[in-house]
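Below is one structure, written out as structure tokens; comments come after it.
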């Protein structure tokens, strides 16, 4: 699969729709095997919609014990791109332009291609949990409490005395 989706190719395709699959590595994501995705791009006049699904098994660092663990990413993709600048076009119109909750539009700023790798990278990264924990039985606190990890730069704070206001 090409790294970029050409808007010209999309406009010239049957029904202004292109379907494509991705199977490979993406820089910046430590995965166990290939990242796979099935995507469908459709031209909607001033906008391009890309829908699909991405799946990957990625290595994350546990926030508690700091060990690597395997995390299964399975995420739906539904992205909307504006071919022309939506800020200029819709801010001056009397009707305005409403973006509904959970809807995001990426302004292509006149670009003639969409970076598919970037779309997949963002979809995978945004699927990571807020708190990355290797498992329910993680011994993180126990592991870290047994470690002598003193940063000498923090020694200056050992002798600070705080007097509470009365």
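Below are the figures for this structure:
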{"item": "Radius of gyration and Dmax over the Cα atoms of region 1-62, both given in Å", "result": "14.3, 47"}
{"item": "Zone of residue 115's modelled label, taken as backbone nitrogen in region 6-24 under 15 Å from a point 7 Å along Cα→Cβ", "result": "6"}
{"item": "Residue 70 paired with residue 49, simple spin-label distance in nm, labels 7 Å along Cα-to-beta-carbon", "result": "3.6 nm"}
{"item": "Area projected by the alpha carbon convex hull of region 43-85, averaged over all directions, nm²", "result": "4.5 nm²"}
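Every number here is computed from the coordinates shown, using simple stated rules; none is lab data. Just so we're clear, the structure is a prediction, and the values are computed from it rather than from any experiment. Because the Cβ atoms are built from the backbone with ideal geometry, glycine has one as well, and the counts that use them run over all protein chains shown.
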